[in-house]
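The values are calculated or read from the model by the stated rules, or taken from the named source; none is laboratory data. Just so it is clear, the model here is predicted, and its values are computed rather than measured. Note that we place each Cβ from the backbone using ideal geometry, even for glycine, and neighbour counts take in every protein chain shown. Just so you know, the surface numbers come from the protein's heavy atoms only, side chains and all, with ligands and any DNA or RNA stripped out. Shrake-Rupley method; radii C 1.70, N 1.55, O 1.52, S 1.80 Å.
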Amino acid sequence: METLDHIRDEILGLIKAATSRDALEQARVALLGKKGRVTALMKGLAGLDPDARRQQGAALNRLKDEVEEAIGHAARRLESEALTQRLAGERLDVTLPVAAESQGRIHPLSQTIDELVAIFGEMGFVVAEGPDIEDDFHNFTALNIPPEHPARQEQDTFYLKAASESGRKVLRTHTSPVQVRTMLAQKPPIRVICPGRTFRSDHDATHSPMFHQVEGLVIDQTTHMGHLRGCLVEFCRAFFDVDDLPLRFRPSYFPFTEPSAEVDIGCSRAGGELKIGAFGDWLEILGCGMVNPQVLRNCGIDPAVYQGFAFGVGIERIAMLKYGIPDLRTFYESDLRWLRHYGFLPLDVPSMSGGLAR
């Protein structure tokens, strides 16, 4: 009669000899399946006396554990060998030149920013930039945003750790700090636009924790609300390529402008489809107003001598409206299929003389 040690050696040898996952699975079934060899030995315990059953049962349980462990080791070994063979077969010569991407596209955000620069550049604006990480003064205090304002709360704003509360840094919640830095760095007249990334704690189909804004600022001795209206009317009509696009200015409130207004553009929602134009309906698109005199004082500009206007618009929002992009989240998913559909040819550079993208 075979001893248990002899049976164990034979079984472990069978497992070790398996050269494929299929062969290993067949061995597992032959040993541990309903009609397997180890299973049959376990069933034979019923014919033994209690002492022998207890002793033999413990030995068979140890054998079963060894078999299961051996099968696990063999499975990992075979998987590793298969991966090694696959990598050897898929070896790539990294010294070969990179294949040119014949389907390269400009991202809609980059294209939209270029369009904004082209339009406002024709109006005499220059581009100003600033850091993504700001301090409390530039992001809030200089803009006349009070300490109790919701924008300062952590559920809306990304704060960075700092040694003290007064020294806390923040991921800028708008590009308005660039306006502050510009007013502190140069004397009027000022005419700038500030495109860039901004950050707020929000994420859904129409909001992203990181998004882009463009803000405009004009400071001189004569600018008034009529100039603001004319600037935004010309911008919207040029950007959306609708010559008779109506704009509606509604009174609103922003801490950094007074008076303030929200701007609606004409649209149609008939049949569940949004169309931009003179169709009788309205869509809110941006905020604007005359720069609050306190903001001018905070930036070292005398409000008795100078005045001006400011405005801000979400770049993703107007890109979605112009190019029919339904979900803001797709801007950041790095899906090449999406980019090939919504992207632009590299040489499709927008300009007022050559035309914007359509």
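Helix-only estimate, please: 222 nm mean residue ellipticity of the chain, summing -39500 (n - 2.57) across DSSP H runs of length 4 or more and dividing by its residues, to the nearest 500.
Helices in the chain give a 222 nm mean residue ellipticity of -12000 deg cm²/dmol.
Any idea what the relative contact order of the range 113-199 is, in percent, if you count C-alpha pairs under 8 Å spaced at least 6 apart?
40 percent
How far, in degrees from 0 to 90, does helix 4-16 lean away from the longest principal axis of the Cα atoms of the chain, to the nearest 10?
40 degrees
Between the range 299-351 and the range 114-181, how many Å separate their Cα centres?
Value for the Cα centre distance between the two parts: 17 Å.
Scan around Ala261 for amide H atoms under 5 Å from its own, H built in the peptide plane at 1.01 Å from N, and keep only partners 5 or more places away or cross-chain.
Result for Ala261 returns Ser252, Cys288, Gly289.
Arrange the peptides 171-180, 114-123 so that the one whose residues have, on average, the most other Cβ atoms within 10 Å appears first.
Ranking, from highest mean packing down: 171-180, 114-123.
Mind checking the dipole of the range 133-272: about its Cα centre, +1 per Lys or Arg Cβ, -1 per Asp or Glu Cβ, Debye to the nearest 20?
With Lys and Arg at +1 and Asp and Glu at -1, about 260 debye.
Could you work out the relative contact order of the range 269-358, using alpha carbon pairs under 8 angstrom and six or more residues apart, expressed as a whole percent?
19 percent
What is the angle, in °, between the Cα long axis of helix 108-122 and the longest principal axis of the Cα atoms in the chain? Nearest 10 is fine, range 0 to 90.
Approximately 10 degrees, to the nearest 10.
Have a look at Asp51, Asp335, Asp302 and tell me which one the Gaussian network model of the chain (Cα, springs below 10 Å) gives the largest fluctuation.
Greatest mean-square fluctuation among the candidates belongs to Asp51.
Ordered by packing density, taken as the mean number of other Cβ atoms within 10 Å over each peptide's residues, highest first, how do 142-149, 86-93 rank?
142-149, 86-93
Roughly what angle does helix 50-89 make with the longest principal axis of the chain, taking Cα atoms, 0 to 90 degrees, to the nearest 10?
Helix 50-89 sits roughly 50 degrees off the main axis of the chain.
Once the dipole of the chain is set up with Lys and Arg at +1 and Asp and Glu at -1 on Cβ about the Cα centre, which of Ile285, Phe249, Pro97 lies farthest towards its positive end?
Checking the options against the dipole of the chain, the answer is Pro97.
Given a 1.4 angstrom probe, I'd like the percentage of the accessible area of the chain that is carbon and sulfur, rounded to a whole number.
53 percent
What is the magnitude of the charge dipole of the chain about its Cα centre, with +1 placed on the Cβ of each Lys and Arg, -1 on the Cβ of each Asp and Glu, and no other charges, expressed in debye to the nearest 20?
That gives the chain a dipole magnitude of about 760 debye.
Express the relative contact order of the range 1-102 as a whole percentage, based on alpha carbon pairs under 8 Å and six or more residues apart in sequence.
Once normalised by length, the contact order is 29 percent.
Residues of the chain: accessible area per residue at 1.4 Å, in Å²?
57 Å²
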